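S.K.: Quick one: this structure, given as structure tokens, is what I'll be asking you about.
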Amino acid sequence: MKLKAKINNDRKLILNWDLINSYLQGFKPDTWFDITITRKTKKVSDPLRNYYFGGVLPDFMKELGYEPDEVDQFHLQLKARYFNVEPDERGILRNVPHVFNKKDTKLDVPKQVEFVEWVKRLAAKYGVYISDPNE
């Protein structure tokens, strides 16, 4: 079980005990647990990724009739089209390159910018105007 907690002014941990107790109902009495407390850290922000997922895709998806929760599938289709990835015999897209994932991408920043600009041009073909991040 993973949960969020915070400390109060007296540095006492504030927990949702109702949630914890309901989770523990599935275990035998006298069961031991290892509990790890880690401090929450902010993720490193990538402005280009934020612009793409927050400014480019929502408007483009809305114009085409996609729902906001379909963003991952929409992004996958755009990558497959951009990188000319053909589906296998079962229709599954395999080995689609990563664009923004820092650990897995092989693209440098200029290539990422090129991908975002390509998506913006594609959106323009459908009549969707996407403003630049500086506007």
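S.K.: Show the residue pairs that are 6+ apart or on different chains and have beta-carbon atoms under 8 Å apart, the first residue being within segment 76-96 and within 23 Å of Glu114 (Cα to Cα) and at pLDDT 85 or above, the second being of a type in the set (Val, Ile, Thr) and assigned to a helix (DSSP H, G or I).
M.R.: Leu78/Val119; Tyr82/Val119
S.K.: Among the listed residues Arg11, Arg49, identify the single one that is of a type in the set (Lys, Arg) and on the phi > 0 side of the Ramachandran plot. Please lay out each step first, then the result.
M.R.: Details: Arg49 fails: on the phi > 0 side of the Ramachandran plot.
Within the list Arg11, Arg49, the selection yields Arg11.
S.K.: Same structure again: Looking at segment 103-135, which of its residues are among the small types (Gly, Ala, Ser) and on the phi < 0 side of the Ramachandran plot?
M.R.: Ala123, Ala124, Ser131
S.K.: Follow-up. Limited to segment 118-128, what total is found for residues that are touching a residue at least 12 places away in the same chain (Cβ under 8 Å) and more than 19 Å from Asp46 (Cβ to Cβ)?
M.R.: At the first step, the residues of segment 118-128 found to be touching a residue at least 12 places away in the same chain (Cβ under 8 Å) are 118-120, 122-123, 126-128.
Subsequent filtering for residues that are more than 19 Å from Asp46 (Cβ to Cβ) retains 122-123, 126-128.
Total meeting the criteria: 5.
S.K.: Scanning for something out of contact with any strand residue (DSSP E or B) (no Cβ under 9 Å at 6 or more places or on another chain) and farther than 26 Å from Pro58 by Cβ, does segment 97-106 turn up at least one residue?
M.R.: Yes.
S.K.: Sort through Phe27, Phe53 and tell me the only one that's aromatic (Phe, Trp, Tyr) and over 19 Å from Pro133 (Cβ atoms).
M.R.: From the options Phe27, Phe53, the qualifying one is Phe27.
The values are calculated or read from the model by the stated rules, or taken from the named source; none is laboratory data. Here the structure is a predicted model, which is why all the values come from computation and not from measurement. Glycine also receives a Cβ, built like all others from the backbone with ideal geometry; neighbour counts cover every protein chain displayed.
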